[in-house]
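The values are calculated or read from the model by the stated rules, or taken from the named source; none is laboratory data. This structure is a prediction, so every number in the text was calculated from the model and none was measured. A quick note on method: Cβ atoms are made from the backbone with ideal geometry, for glycine too, and the neighbour counts reach across all protein chains shown.
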Amino acid sequence: MWALEISRRLAEVVGREDREWDAVRSVADWERFRDRRIAALRDSLALPEESAAPQTCRVTGEDAGDGWRLKKVVYETQPGVVVSALLYLPARPAGPMPAIQVCHAHHRPKEQVELQDMGVNWARAGCAVLIPDLVGHGERREDPFGGRQGYYSRYHSAMQLHLVGRSLTGWMVWDLLRGHDVLLGLPGIDPGRLVIVGAVAGGGDLAAIAAALDPRVRCSVPFNFGQGSAWPRDLGWEPPAGVNLAGYGYWETTRNLWRSARDGFLPWVIVAAAAPRHLVYAHEFAWDAEADPAWDRLRKVYDLYGHPERLGWCKGEGRCAPGSGNTHCTNVGPIHRAGVYPWLDKWFGMVPPTPEVQDRREPERLVCRDAEAAGRAVPLRRIAASLAGELLRPLRAELECLPGDERRARLRALWSEVLGDTAPVGPGRAVARAKSPVLGHGAEGILLETGPGIDVPLLLLRPRAAAARPPVVVGVAQHGKAIFLERQAAEIARLLEAGLAVCLPDLRGTGETRPDEMHGLESAYISHSEDERMLGRSVLGNQLHDLRTVLAHLRSRPDIDGARLGLWGDSFAPSEMAGVPPEEHDSRKVDNPTRPNLPHGPAVAEPSGALLVMLAGLFEAGVTAVLARRGLAAFAAVFEPCFLGIPSDAVVPGMLRAGDIPDLAVALAPRPLRIEAPVDGRNCPIGADELVRRFEPAAEAWRSAPESLVLSAGLGDDPSGWLAAVLCGGPAGPVSLAVRR
């Protein structure tokens, strides 16, 4: 259901873009089409402030070989952001030098042998070649894992930057733009021959963006970026003709940019934005020009400018699979370089370095950071934490000055900016599917339509000896209603025996509508989460809309007391071992025959259930009580580890502009709130002292009704009894303001 609904929305985007593209008839038409989209791209990237001066670099070491020399350099692109890079130069420059920056793939950083071969051979041919380490790679790696697994750091760093409204892609592209400053600041450089090459996996996208934003680039060679995806044919619908040029989501956010589909800066547009400058449309594997609609569009753009000769291409053979005939490479392999050389020779007189030589160095000899550079470098997560503080401090100062109703109104407005409109259109169209006893009580299965193409399955349990209109507890968790019912059968039975109804919905992407069993890296769930980002929406916002529609449906029913609503958000995911470094956990080996030795990372928390009920409590004044179990203690805790144990769907770009989880807690006062067993950013249980520290403002907010706030570092006893007491008008329980250790 969810995949189909996403595909249909993407089809609408692609159809709209097709119509606008068909109206492009001149250079002026194209530039209007392009400029609006590239402006939206800039906004999505949240680039730092423009550099005030040309970038300078410091040489930390040198090396040399036959016909080439190497400078190991470092340069600072933002305060605390120190780039390590290899600068290859001709041994004896023979005139103005072409300048090439190579953006490596997510596989391996600057010392990988293909990158060394490019640096050495192009330097021998008379070029200056800069090969930097990207954020999270090589000497800039921050996670505890080595090898190819290091590229998963992009997933975690992207979440940390999203929280503060920044973009990992923006940071990486900014480093590339400052790398152009480094190259153009060298003596003897020909600024008319500045080239950027983006490697095959996660490098081509960044290079294409850098070329689109930097008019100084005279030629771009982005590998594996711009071509569309096939429409799925297994979703029970008739897909449109052609290719999905918007692409689909993936865990690596450089490939699917925030709001790219909504605002139209599709991959092919980014690649084409280099026109009328030179472009090599490059492919790692076999490529069929006639079957690639992006190629037709690129040719049309260059034809409009009257410069079709500035558009080239290169390709490998086979496909992305093991075996002979498949020209898989780590960055840019020999066959791919051979396809690029003729174009650079034709356009810029850059004589191909043939035959190529191999004059490689051990990685230890290519280390660039010295003690000074290491001392200046600040981990990304700490910079992000500082940015979070810059957002939260003034917001909290503002909120403290507001009375309760105004504080809640302000937070609702801020969260609406982040999540979009989550208000239900109405109670939703409900279709009863089955009625049969569950736990000895009456049960009704319902499909509730919460939006076009979205049906939320829910189970409504009514007590045998119910009052005419019993209060209701709504329970939500990522695992869905079946697991909730299984794991909490005793507590649900107690609620029913106490005369309360229980509603268990499968919000979009949970339970029956969950796309797969995984909820971590490279799962369909994460891909759909990124699809939503491309479309300018979020999983969290969609699920909150679903939950609010469920509440509207319950209020509309004559057999439920909609004025007495309790919300129970929970998680049944395992937590991590506190105090144990992630690289030492034996459970982290992936059962994957193609990558048998890669660490998988921490066990993934599922904090959305707890967060959703708190958000629903903020937006829905009629919610009587909120029970949030095994959620995240605070998003501020996500900046403490370098390797995270939360899924990306729990993160919405810019969400800390609306406050953090403790701020939501304050806004719920004085309604009864119970928070139990929260986890930190690595999905480890937090201690009682940290819980008190995080929620100290909440304790102050409940000073007039301390019995209504319960904080527990562990799972408390009798959650059903607490909910029943609150909803039925009795005392909240024996614990007033308590922290259980």
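Scanning for something among the β-branched types (Val, Ile, Thr), touching a Pro at 6+ places or on another chain (Cβ under 7 Å) and in the same structural domain as Asp263 (by TED's automatic domain parsing), does the stretch 44-57 turn up at least one residue?
No; the residues of the stretch 44-57 include none that is among the β-branched types (Val, Ile, Thr), touching a Pro at 6+ places or on another chain (Cβ under 7 Å) and in the same structural domain as Asp263 (by TED's automatic domain parsing).
Does Ala432 satisfy the criteria of being part of a strand (DSSP E or B) and over 29 Å from the mean Cα position of the chain (by Cα)?
For Ala432, the condition - part of a strand (DSSP E or B) and over 29 Å from the mean Cα position of the chain (by Cα) - is met.
Could you check the stretch 1-43 and list, in sequence order, the residues that are among the basic types (Lys, Arg) and in a helix (DSSP H, G or I)?
Answer for the stretch 1-43, where residues must be among the basic types (Lys, Arg) and in a helix (DSSP H, G or I): Arg8, Arg9, Arg16, Arg19, Arg32, Arg34, Arg36, Arg37, Arg42.
At positive phi, outside the structural domain of Arg533 (by TED's automatic domain parsing) and modelled with pLDDT under 95: is that true of Gly249 in this structure?
no
Cβ-Cβ under 7 Å, sequence separation 6+ or interchain: first residue in the stretch 295-312 and closer than 11 Å to Trp268 by Cα, partner exposed (fewer than 15 other Cβ atoms within 10 Å of the Cβ) and small (Gly, Ala, Ser). Which pairs?
Trp295/Ala289
To keep it simple, each residue is scored yes or no on (1) outside the structural domain of Ala11 (by TED's automatic domain parsing); (2) at pLDDT below 95; (3) within 21 Å of Leu565 (Cα to Cα); (4) touching a Leu at 6+ places or on another chain (Cβ under 6 Å).
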position: Leu504; (1), (2), (3), (4): yes, no, yes, yes
position: Thr513; (1), (2), (3), (4): yes, yes, no, no
position: Glu517; (1), (2), (3), (4): yes, yes, no, no
position: Ser527; (1), (2), (3), (4): yes, yes, no, no
position: Arg537; (1), (2), (3), (4): yes, no, no, no
position: Asp546; (1), (2), (3), (4): yes, no, yes, yes
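If you go through the stretch 412-432 one residue at a time, how many are within 30 Å of Gly445 (Cα to Cα) and of a type in the set (S, T, N, Q)?
Matching residues across the stretch 412-432 total 1.
In this structure, is Arg410 at pLDDT 95 or above, over 17 Å from Met614 (Cα atoms), out of contact with any Gly (no Cβ under 6 Å at 6 or more places or on another chain) and in the same structural domain as Pro697 (by TED's automatic domain parsing)? Before the answer, list the steps.
Details: at pLDDT 95 or above: yes; over 17 Å from Met614 (Cα atoms): no; out of contact with any Gly (no Cβ under 6 Å at 6 or more places or on another chain): yes; in the same structural domain as Pro697 (by TED's automatic domain parsing): yes.
The answer is no for Arg410.
Scanning the stretch 437-459 for residues that are assigned to a loop (DSSP other than H, G, I, E, B) and either modelled with pLDDT of 80 or more or on the phi > 0 side of the Ramachandran plot (or both), which turns out surrounded by the fewest Cβ atoms within 10 Å (Cβ to Cβ)?
Among residues in the stretch 437-459 that are assigned to a loop (DSSP other than H, G, I, E, B) and either modelled with pLDDT of 80 or more or on the phi > 0 side of the Ramachandran plot (or both), the one surrounded by the fewest Cβ atoms within 10 Å (Cβ to Cβ) is Pro452.
Considering only residues that are free of Cβ contacts under 8 Å to residues at least 60 places away in the same chain and either among the aliphatic types (A, V, I, L, M) or part of a helix (DSSP H, G or I) (or both), look in the stretch 44-62 and name the one that is surrounded by the fewest Cβ atoms within 10 Å (Cβ to Cβ).
Ranking the candidates gives Ala52 first.
Going residue by residue through the stretch 394-403, is there one that turns out to be part of a helix (DSSP H, G or I), over 30 Å from the mean Cα position of the chain (by Cα) and outside the structural domain of Met118 (by TED's automatic domain parsing)?
In the first step, residues of the stretch 394-403 are kept if they are part of a helix (DSSP H, G or I); the result is 394-400.
Among the residues that remain, those that are also over 30 Å from the mean Cα position of the chain (by Cα) are: 400.
Next cut, outside the structural domain of Met118 (by TED's automatic domain parsing) only: 400.
Yes, because at least one residue in the stretch 394-403 is part of a helix (DSSP H, G or I), over 30 Å from the mean Cα position of the chain (by Cα) and outside the structural domain of Met118 (by TED's automatic domain parsing).
When you look at Pro342, is it modelled with pLDDT of 95 or more, assigned by TED's automatic domain parsing to the domain that holds Gly170 and surrounded by fewer than 16 Cβ atoms within 10 Å (Cβ to Cβ), yes or no?
Judged against the criteria, Pro342 is a match.
Among the residues of the stretch 185-208 satisfying the criterion of being out of contact with any Pro (no Cβ under 6 Å at 6 or more places or on another chain) and surrounded by fewer than 22 Cβ atoms within 10 Å (Cβ to Cβ), which is farthest from Ala85 (Cα to Cα)?
In this case the residue turns out to be Gly192.
Evaluate the following for Glu290: is it under 28 Å from Ile335 (Cβ atoms), assigned to a helix (DSSP H, G or I), outside the structural domain of Asp531 (by TED's automatic domain parsing) and not hydrophobic (A, V, I, L, M, F, W, C)?
Considered against the rule, which asks whether it is under 28 Å from Ile335 (Cβ atoms), assigned to a helix (DSSP H, G or I), outside the structural domain of Asp531 (by TED's automatic domain parsing) and not hydrophobic (A, V, I, L, M, F, W, C), Glu290 comes out as yes.
Among the numbered criteria (1) surrounded by 13 or more Cβ atoms within 10 Å (Cβ to Cβ); (2) more than 31 Å from the chain's Cα centre (by Cα); (3) of a type in the set (A, V, I, L, M, F, W, C), which one does Ala294 miss?
Single failed check for Ala294: (2).
Of the residues that make up the stretch 468-482, is at least one among the polar types (S, T, N, Q) and in contact with a strand residue (DSSP E or B) (Cβ under 8 Å, 6 or more places away or on another chain)?
Scanning the stretch 468-482, I find no residue that is among the polar types (S, T, N, Q) and in contact with a strand residue (DSSP E or B) (Cβ under 8 Å, 6 or more places away or on another chain), so the answer is no.
Tell me the residue from Val638, Val692 that is crowded, with 24+ Cβ neighbours inside 10 Å and part of a helix (DSSP H, G or I), please.
Being crowded, with 24+ Cβ neighbours inside 10 Å and part of a helix (DSSP H, G or I) holds for just one of Val638, Val692, which is Val638.
So if I check each of Leu176, Leu194, Leu206, which one is within 21 Å of Leu89 (Cβ to Cβ), in a helix (DSSP H, G or I) and either outside the structural domain of Ala291 (by TED's automatic domain parsing) or at pLDDT 95 or above (or both)?
When all the criteria are applied, what remains is Leu176.
Filter the stretch 657-703 for residues that are of a type in the set (Gly, Ala, Ser) and within 24 Å of Ala724 (Cβ to Cβ) and give the result.
Matches in the stretch 657-703: Ala665, Ala669, Ala677, Ala698.
Within the bounds of the stretch 160-176, is there any residue that is surrounded by fewer than 22 Cβ atoms within 10 Å (Cβ to Cβ) and among the acidic types (Asp, Glu)?
No, every residue in the stretch 160-176 fails to be surrounded by fewer than 22 Cβ atoms within 10 Å (Cβ to Cβ) and among the acidic types (Asp, Glu).
Counting only residues that are among the aliphatic types (A, V, I, L, M) and at pLDDT 90 or above, which one in the stretch 419-436 is nearest to Ala650 (Cα to Cα)?
For the stretch 419-436, the residue satisfying everything is Leu419.
Yes or no: Pro239 assigned to a loop (DSSP other than H, G, I, E, B) and surrounded by fewer than 14 Cβ atoms within 10 Å (Cβ to Cβ)? Explain how you work it out, then say what you get.
Values: assigned to a loop (DSSP other than H, G, I, E, B): yes; surrounded by fewer than 14 Cβ atoms within 10 Å (Cβ to Cβ): no.
No.
Count, please, the residues in the stretch 63-88 that happen to be buried (at least 21 other Cβ atoms within 10 Å of the Cβ) and over 21 Å from Ala373 (Cα atoms).
Summing the residues that are buried (at least 21 other Cβ atoms within 10 Å of the Cβ) and over 21 Å from Ala373 (Cα atoms) in the stretch 63-88 gives 1.
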